[in-house]
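The block underneath contains the structure these notes are about, expressed in structure tokens.
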Amino acid sequence: MEDKLKLIKRQREARTRSHKIQDAWKKIDKNEDLSVKEKLERLIHLTKQEKPQKSEKTSAEPAPREPILFFENPYPLHVRYGKIPLSRGLEISGDVFYFLSRDKAFRDLDLSSSLFIDLETTGLAGGTGVIPFLIGLGFYRNNKFNIVQYFLGEPAEEGKLIRQLAQFFSQMDFESIVSFNGKGFDLPLLETRFILNRQPFPLSELPHLDFLFSARSLWKHKHESCRLFHLAQQVVEAERAEDIPAAEIPVRYFQFLRSGDWSLMEPVLYHNQEDILSLLALVITGARLFAEEQEEILDEERDALDLFGVGKVFESAGDVKKSSYYFERALQGKLPKEIAHLAKTKLSYHFKRNQEWEKAVSLWQDMISENQLFCFRELAMYYEHKEKKYEEAKKIVEEGLALSLSFSPKYEQDFSHRIERLNEKIRRGKK
């Protein structure tokens, strides 16, 4: 009986602490002068102050845990994350989402019905043994951007958590999903947990924007890393610190299960919220690069590398005309040498396909000075087959052959055969 009373007391204390955390957040959230980061840091600071001092005596028995915890944090739309007001997410058109996602279903959708999702799990490799113990969900509702978090305090209660999630998804009736590497990790893992718990997965048929792929197209050539944390700092200008390494999160969870020490999980919840806000702000920033009708945005926020990134997104979506338009605009600005070469190469082949020979030849002639062998070949073919200027073609081929010797056997062979053919045509022309 004494042991049962002690257990009841510990459980009551744990519930009281959970309520205190939620009450503290409600009070902090009313202060609209604080940024999102400042609010979360203040919450962690206050809850740490409320923890009782540890006794000098340690017990092998873990503290009691709540099986499932639910946190809800609404952010007013005027709040900024980095340089981005959260309200701008509702201004993005479906056409932009189509190009970012390459899914036609997004043409009729916007972020007002989207679900942002990010999981914290017991492992990073996936598989049926990996459990998502923290499910972070972000969405627009009631003139706010809301983040809710489901936390699994007792792994044996995963079935109950999955049922609660299924009910939540059904009630909210989301029409699309936004994630960062969600197609490769988060969604397959969550679907596996639903299946193992004999529940239908209501998100499986929804159109899904995995922004990782768009982010790589937009910024891989501009920033050294496309990690969500790094892009939030560099692109969104969020004052986000590396709060906790991803590899440390599973370790902290297992330590929490052994000890019941909630302070181990507080940084993880903070990290999860920051990831969702970072994702939202990045999607808004990326989408605004496509705001062609707002010319002031083009002048203010887009440099040549951004224009090149937009071109790559259109190229991936199969819109060669628009991608070429942005590559041309990018070349009007300052591009690193290797990026400029790539843009010129893509453009030259586009002009060749459309028989815009003057533009194509101009680019090939420009790149000859950079000793690009394919340009010698393209120019030689142009002068031989289009202009019938065999002497000019031969001169270009000989330059290319001299450059390719002991460097490129493929081009060396091509140029040698081409010279033989041109010599024959020149001899016939003199008869």
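Restricting attention to region 158-195, the residues that are closer than 24 Å to S112 by Cα, polar (S, T, N, Q) and either in contact (Cβ under 8 Å) with a residue 24 or more places away in the chain or assigned to a loop (DSSP other than H, G, I, E, B) (or both) total 5. If you check T58, T47, T122, which single one turns out to be among the polar types (S, T, N, Q) and modelled with pLDDT of 90 or more? After ruling out the rest, the residue left standing is T122. Out of curiosity, is R258 outside any strand (DSSP E or B), charged (D, E, K, R), modelled with pLDDT under 95 and assigned by TED's automatic domain parsing to the domain that holds D108? The answer is yes for R258.
Table: residues versus (1) aliphatic (A, V, I, L, M); (2) under 30 Å from D306 (Cα atoms).
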position: A241; (1), (2): yes, yes
position: A247; (1), (2): yes, no
position: F256; (1), (2): no, no
position: M265; (1), (2): yes, no
position: N272; (1), (2): no, yes
position: L277; (1), (2): yes, yes
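Close Cβ contacts (under 7 Å, 6 or more residues apart or on different chains) running from residues in region 359-376 that are farther than 16 Å from S408 by Cα and at pLDDT 95 or above to residues that are in a loop (DSSP other than H, G, I, E, B) and of a type outside the set (D, E) are absent. Scoring I249 on the criteria (1) at pLDDT 95 or above; (2) surrounded by 21 or more Cβ atoms within 10 Å (Cβ to Cβ) leaves a single failure, condition (1).
Here region 187-211 is the region considered, the condition is being farther than 27 Å from A317 by Cα and of a type in the set (S, T, N, Q), and the residue that is surrounded by the most Cβ atoms within 10 Å (Cβ to Cβ) is T192. Condition check for E387 on (1) modelled with pLDDT of 90 or more; (2) in the same structural domain as G429 (by TED's automatic domain parsing); (3) under 43 Å from the mean Cα position of the chain (by Cα): one failure, at (3).
Filtering region 230-250 to residues that are free of Cβ contacts under 8 Å to residues at least 60 places away in the same chain and in contact with a Ser or Thr (Cβ under 8 Å, 6 or more places away or on another chain) leaves L231, V235.
Considering L86, L69, L77, L90, the condition of being at pLDDT 90 or above and closer than 28 Å to A156 by Cα is satisfied by L69 alone.
The values are calculated or read from the model by the stated rules, or taken from the named source; none is laboratory data. From a predicted model like this one, the values you see are computed outputs, not experimental measurements. Glycine also receives a Cβ, built like all others from the backbone with ideal geometry; neighbour counts cover every protein chain displayed.
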